[in-house]
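Note sheet for the following structure.
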Amino acid sequence: MNWKLYSFVIRSKKRKDILLSLEKVRTPTEIGNKVKTSVSHVSRTLSDFQDKGIVECVTPEQKVGRVYRLTKNGKEILDYLKKERGKA
């Protein structure tokens, strides 16, 4: 587990919600609808996640409707968050 990345995610409720929504591949619009936030906020967060190696875009050639999925680091953070949520 990369604890630095985990800390980055949990410092923001929206970042945490966006990461949790990526249990399956999604577009920024789908994520925005799921977590009830603007697509521009989701896109900025996904860009930050991509820079940090938490997500990857699987359709980078697309201008609209890009699809994102978790990387190995992102999956580890997701699994840990789900495990911790189950304890609460």
TODO: Could you grab the pairs with beta carbons closer than 6 Å, sequence gap of 6+ or different chains, first residue in segment 67-81 and buried (at least 20 other Cβ atoms within 10 Å of the Cβ), second one in a loop (DSSP other than H, G, I, E, B)?
DONE: Leu70/Leu22; Gly74/Ile54
Task: Residues of segment 59-88 satisfying the condition of being modelled with pLDDT under 95 and assigned to a loop (DSSP other than H, G, I, E, B) - done: Thr59, Pro60, Glu61, Gln62, Lys63, Val64, Gly65, Arg66, Ala88
- [ ] Would you kindly identify the helices (runs of 4 or more DSSP H) lying entirely within segment 1-53 that contain at least 2 residues that are among the hydroxyl-bearing types (Ser, Thr, Tyr), under 17 Å from Thr71 (Cα atoms) and under 11 Å from the mean Cα position of the chain (by Cα)?
- [x] 39-51
Task: Enumeration of residues in segment 11-33 that are over 21 Å from Lys83 (Cβ atoms) and in contact with a Lys or Arg (Cβ under 9 Å, 6 or more places away or on another chain) - done: Val25, Arg26, Thr27, Pro28
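The values are calculated or read from the model by the stated rules, or taken from the named source; none is laboratory data. Predicted, not measured: the structure shown is a model, and the values here were computed from it. Every residue, glycine among them, receives a Cβ derived from its backbone with ideal geometry; neighbour counts consider all protein chains shown.
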